[in-house]
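S.K.: Right, I'll just put the structure down here and ask away after.
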Amino acid sequence: MILGIFMAWHFVPYTLFSLCTAIIALLVAVIAFSRLELLGVWAFAGAMLGVAIWSFATAAESAVVGQATKILWSQIDYLGYCTVVPLIFLFGLEYTGHKRLDRRQMALLWLIPVITILLAWTNAWHGLVWSGFSPGDSSLNILIYHRGLWWWVPVAYYYLLTVMLMVILVRSYFHTAVHYRQQIRAVILGCIFPPVSGLIYAFNLSPWPGMDVSGAGFILSGFIFTWSIFRLGLLDQMPVARETLIEQLGDGVIVLDNQNRVVDINPAAKKLFQSPPDSLIGQPALALLAQQLGLDLSNLGEAESSLELKLPGEEIRYLEMYISFLHNHSAKISGRLILLRDITARKKVEFELQHAYQTLQSQLNEIQNLQSRLQEQAIRDSLTSLFNRRYLMETLDRELARATRDRIPVSLVMIDIEHFKQVNDHYGHKAGDLVLQALSILFSSK
């Protein structure tokens, strides 16, 4: 059977058509693989590679002769067919800024495609994918595949994923910057053609019974995606949905209507409240903020403002609150936006800086006092607190210069205490010190 792949070819026009689809899809896949650093491009590149495998296998199946060889190429076809839609769905999720699926969700997404591939390759044992085969139009080299029970399962599953993807893309269209909307329109248009051509094949609406015309949709999608890449920067500039940005924003965001009721709140803001997140929607903002955060914002609707708030509780927290107006297309106020930013860490740093400044200021004052005391000790006698000889030498030149400038006399008095040694010898040095201190008080008072 393997040798039959390379023998007994009967080319028909549809073979060339499918080969063109494969070449276009492979070209788009190569371009996408060169931009894998961008978010979601890996899924898009994988999907285009799946289309290339699917289309090439379809071309081979339409050209080979012999039922067994055609079935083999159809089984190869399923390797691409079963991977395209899930990968396009993953690309759509990441392209529109949604969170990546976790392991459990990813396993559920790929469950039916994996089962379908296994059933297609073991169809000879159970006939769940193809219940039988019969020859079609001999001039077109067609083999008609009679569908088994499982054949419809992946079809229904893939159309369900396609509908979900369309809903996601349409929602993203209205929540994305205008600059990226042309991209999203192109992606939506590129995702419409394959389901349409698939429906034609699934319900035998083709004028050629048994011919898989699904490739017609993919060749149109290939042209659209190629044009989008080169003209719209599809894989160079990826939009981020505004709602996703708000959801992932570290600051709390609360949206109010024109009656100051909560209409939307992001996860960061929900963490500030004790109530369940769902119960916050529709609540009056004034009562909610007063009850949950202990804040009195009776002037909320008067003007745009910026406040710094201290939240009560076991662990003190600080918030910076910005209140701004939301306007509709008529420039009328349609609501308000409250932005809550946790500045507890910043306030702690400010307090630490303030404490460090106060400590430094205290140390500087102490140093200045010590310097003053040291200067006093340098020019005064420690026993009598009278100016000493050093002060005399520093002051005398200044006083003589001033006396010369002002033409005033300078008097210098020298005093000697007679028989002071006898006081020390007879009464002791402590008594002598007391005498000197008494004399210094007497001289200071004069």
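Since every read-out is calculated from the coordinates, none of them should be taken as a lab result. Quick caveat, the model's predicted, so the values are computed rather than measured. All Cβ positions, even for glycine, are placed from backbone atoms using ideal geometry, and neighbour counts span all protein chains on display.
S.K.: For segment 370-420, what is one quarter of the convex hull surface built on the Cα atoms, given in nm²?
M.R.: 4.9
S.K.: Rg and Dmax of segment 387-446, using alpha carbons, in Å: what are they?
M.R.: When restricted to Cα atoms, segment 387-446 yields Rg and Dmax of 16.2, 49 Å.
S.K.: Under the rule of at least 5 residues apart or a separate chain, name every residue whose amide H is placed under 5 Å from the amide H of Asp137.
M.R.: Ile142
S.K.: Another one. Determine the alpha carbon to alpha carbon distance for each of Lys70/Lys99; Lys99/Lys347; Lys99/Lys310; Lys271/Lys332; Lys99/Lys270; Lys99/Lys332 and list only those over 29 Å. Each step should come with its number before you reach the end.
M.R.: Numbers: Lys70/Lys99 41 Å; Lys99/Lys347 33 Å; Lys99/Lys310 34 Å; Lys271/Lys332 31 Å; Lys99/Lys270 19 Å; Lys99/Lys332 35 Å.
As for pairs spanning more than 29 Å Cα to Cα, those are Lys70/Lys99; Lys99/Lys347; Lys99/Lys310; Lys271/Lys332; Lys99/Lys332.
S.K.: Rounded to the nearest 0.05, what FRET efficiency do Val167 and Arg373 give with R0 = 60 Å and r taken as the Cβ-Cβ distance? Could you check?
M.R.: 0.15
S.K.: Consider all pairwise Cα distances in segment 20-142 and report the whole-number % of them above 19 Å.
M.R.: Counting pairs separated by more than 19 Å, the tail of P(r) holds 56 percent.
S.K.: Give the average over all directions of the projected area of the C-alpha convex hull of segment 40-111, one decimal, in nm².
M.R.: 5.0
S.K.: Where does segment 16-55 land on Rg(C-alpha)/(2.2 N^0.38 Å)?
M.R.: Values: Rg = 10.2 Å, N = 40, 2.2 N^0.38 = 8.9 Å.
Relative to the rule-of-thumb radius for its length, segment 16-55 sits at 1.14.
S.K.: Against the empirical 2.2 N^0.38 Å scaling, what ratio does the C-alpha Rg of segment 93-176 come to?
M.R.: After normalising by residue count via 2.2 N^0.38 Å, the value is 1.52.
S.K.: Quote the convex hull volume per residue of segment 318-431, based on C-alpha atoms, as a whole number of Å³.
M.R.: It is 261 Å³ per residue.
S.K.: Could you order peptides 427-434, 255-262 by the average number of other Cβ atoms within 10 Å of their residues, highest first?
M.R.: Numbers: 427-434: 12.5, 255-262: 16.8.
The most tightly packed comes first, giving 255-262, 427-434.
S.K.: Within 10 Å, count the other beta carbons around each residue, average over each peptide in 163-170, 70-77, 27-34, and list them highest first. List each step's numbers first, then the result.
M.R.: Details: 163-170: 14.9, 70-77: 20.2, 27-34: 18.2.
Ranking, from highest mean packing down: 70-77, 27-34, 163-170.
S.K.: Relative contact order of segment 89-169: what whole-number percent is it, with Cα pairs under 8 angstrom and at least 6 residues apart?
M.R.: For segment 89-169, the relative contact order is 31 percent.
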